[in-house]
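First comes the structure, then the notes that go with it.
The values are calculated or read from the model by the stated rules, or taken from the named source; none is laboratory data. This is a predicted model, so every value here is computed, not measured. When we count neighbours, we look across all protein chains shown, and the Cβ atoms used for this are built from the backbone with ideal geometry, even at glycine.
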Amino acid sequence: MTALLGGTFNPPHNGHVELARAAEEQFGDEVVVLVAARPAHKEVELDADTRLALARAAFPRNQVELDRYERTVDMLAAERWRDPLFLIGADEFCDFLDWKDPDGVTARARLAVATRPGYPRERLERVLERLSRPGRVQFFEIEPQSISSEDIRARVARGEPIDGLVPPAVAELIESRGLYGAPRYTSREF
């Protein structure tokens, strides 16, 4: 089995890292991180190579690759993963029926949906009952993380600290490259 964690990672944060860690613990397999080169569902200000570097900084022990497909179903159809398990958060699962060909996704991969205490299970069940292969979806809990990439970008732009929200290597890359409006520094400034 290969566990796949896809996303824009704009930037990757501790919630993403916790999702990968919990999946490795729960399912016992390595997680491959897939950085969406051209996500069809959202605009990203950073190029794919920069987001790939950020993801590699966030996941130093994992294989990190560029996902050149705009839609998950297209990536799963084109790539040959051994018994793929696609990891998503409960919030993404609530929108899963809006994805391109959700039944095609579950035909090609099992879904592992990370839930958290307090998240409305009824919403998840409503999505599950509309799938043709509900048995291909499994739920697992992760520690709650009230972090979003959008919030991190806003904090950086305002000059606020992001310690504890992103891995230290990600914070260093954001600062050293002046990403998201962060002031750039040079090694001479230390």
Inset, instruction - Mind listing whichever residues of segment 16-48 are buried (at least 21 other Cβ atoms within 10 Å of the Cβ) and under 10 Å from the mean Cα position of the chain (by Cα)? - result: H16, L19, A20, V33, L34, V35, A36
Inset, instruction - Spot the failing condition for I174; the list is (1) touching a Leu at 6+ places or on another chain (Cβ under 8 Å); (2) at pLDDT 95 or above; (3) within 23 Å of F27 (Cα to Cα); (4) not hydroxyl-bearing (S, T, Y), and only one is missed. - result: (3)
Inset, instruction - Select from segment 21-40 the residues that are more than 11 Å from A112 (Cβ to Cβ) and either in contact (Cβ under 8 Å) with a residue 24 or more places away in the chain or among the aliphatic types (A, V, I, L, M) (or both) and list them in ascending order. - result: E30, V32, V33, L34, V35, A36, A37, R38, P39, A40
Legend entry - Scope segment 24-47; condition in contact with a Phe, Trp or Tyr (Cβ under 7 Å, 6 or more places away or on another chain) and modelled with pLDDT of 95 or more; matching residues: V33, V35
Legend entry - Among residues of segment 135-171, those that are among the aliphatic types (A, V, I, L, M) and not in a helix (DSSP H, G or I), counted: 6
Legend entry - Test set (1) part of a loop (DSSP other than H, G, I, E, B); (2) under 21 Å from the mean Cα position of the chain (by Cα); (3) surrounded by fewer than 15 Cβ atoms within 10 Å (Cβ to Cβ) - S132 fails condition number: (2)
Legend entry - Selection count, segment 85-137, where residues are out of contact with any Phe, Trp or Tyr (no Cβ under 7 Å at 6 or more places or on another chain), among the small types (G, A, S) and within 23 Å of A20 (Cβ to Cβ): 2
Legend entry - Pair list, Cβ < 9 Å and 6+ apart or interchain, from segment 164-184 residues that are over 18 Å from V44 (Cβ atoms) and of a type in the set (S, T, Y) to residues that are modelled with pLDDT under 95 and not in a helix (DSSP H, G or I): S176/A182; S176/R184; S176/Y185; S176/T186
Legend entry - Leading residue by the ranking (nearest to E70 (Cα to Cα)) among those in segment 38-58 that are part of a helix (DSSP H, G or I) and out of contact with any helix residue (DSSP H, G or I) (no Cβ under 6 Å at 6 or more places or on another chain): A48
Inset, instruction - State yes or no: is D151 within 17 Å of G7 (Cβ to Cβ), without any contact (Cβ under 8 Å) to a residue 24 or more places away in the chain and surrounded by fewer than 19 Cβ atoms within 10 Å (Cβ to Cβ)? - result: yes
Inset, instruction - Check V113 against each of (1) of a type in the set (A, V, I, L, M); (2) surrounded by fewer than 18 Cβ atoms within 10 Å (Cβ to Cβ); (3) not in a loop (DSSP other than H, G, I, E, B) and name the one condition it does not meet. - result: (2)
Inset, instruction - Specify the residue that is surrounded by the fewest Cβ atoms within 10 Å (Cβ to Cβ); the eligible residues are those in segment 62-110 that are touching a residue at least 60 places away in the same chain (Cβ under 8 Å) and assigned to a helix (DSSP H, G or I). - result: M75
